[in-house]
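Okay, so here's the structure we're looking at.
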Amino acid sequence: SVHHVRVIIVEDNPLVALDIAEEVEGAGAEVVGISQSGGLASALIEALQPDLVFLDYTLSDEVTGADVAIGLGWTGPVCVFVTGAPESLPARLVERWPVLLKPITGAEIRRVLEYVRGLSDIEAPTDG
């Protein structure tokens, strides 16, 4: 089960962000934050420590999704890019991070959630 997988969505189009959020929550994972700008995204990720970040490349400020992902370093959450224009992505980005094409499907989102769930033996919280 993908319960306890915590997700942040970084996407400048609120409708796309909402679509992804609905699929994530429908699969049983938790959306802990949504950001339209790269600057806010970095702060949110730092504060909330998600397991997974869905990132658009072009955001509402001058910070790109790549800037956000690179800033997280290697030890941060799993980053997955979601884009409608794959040809505009820098090669170094495509080599390092998975890229999904818009419109992203529920099946793709669930596959990513299952992958992240498998990476971390996230413990279910115990009472007491």
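Bear in mind these aren't lab numbers, they're just calculated from the coordinates by the rules spelled out. Note that the structure is predicted; figures quoted are calculated from it, not measured. Cβ placement follows ideal geometry from the backbone for every residue including glycine, while neighbour counts extend to all protein chains displayed.
A Gaussian network model of the chain, with springs between Cα atoms under 10 Å, assigns the largest mean-square fluctuation among ALA91, ALA29, ALA21 to ALA91.
Note on the chain: with a GNM built from Cα contacts shorter than 10 Å, the maximum mean-square fluctuation among THR75, THR58, THR105 falls on THR75. Please identify, among ILE20, ILE45, ILE104, the residue showing maximal mean-square fluctuation in a Gaussian network model of the chain using a 10 angstrom Cα cutoff. Result: ILE104 has the largest fluctuation of those listed.
Tell me the Kirkwood radius of segment 12-85: reciprocal of the mean inverse pair distance over distinct alpha-carbon atoms, in Å.
Details: mean 1/r = 0.0805 Å⁻¹.
That comes to 12.4 Å for segment 12-85.
Maximal additional length on extending the THR105-GLU87 stretch stands at 4.5 nm, based on 0.36 nm per residue less the C-alpha distance. Across the options ILE20, GLY71, LEU119, the greatest Cα extent toward the positive end of the charge dipole of segment 1-122 (unit charges at beta carbon of Lys, Arg, Asp, Glu) belongs to LEU119.
Rounded to the nearest 500, the helix-only mean residue ellipticity at 222 nm of the chain stands at -12000 deg cm²/dmol, with each DSSP H run of n ≥ 4 adding -39,500 (n - 2.57). Label sites at LEU18 and GLN49, each approximated as a point 7 angstrom past Cα along Cα to Cβ, lie 3.2 nm apart. Computed on the chain, with alpha-carbon pairs under 8 angstrom and 6+ residues apart, the relative contact order is 27 percent. Would you indicate which of [x] 17.4; [y] 15.2; [z] 14.6 is the value of Kirkwood radius over Cα pairs in Å derived from the coordinates of this structure? Computed from the coordinates, Kirkwood radius over Cα pairs in Å corresponds to [z]. Charge dipole (Cα centre; +1 on Lys/Arg Cβ, -1 on Asp/Glu Cβ; no other charges) of segment 4-76 amounts to roughly 220 debye.
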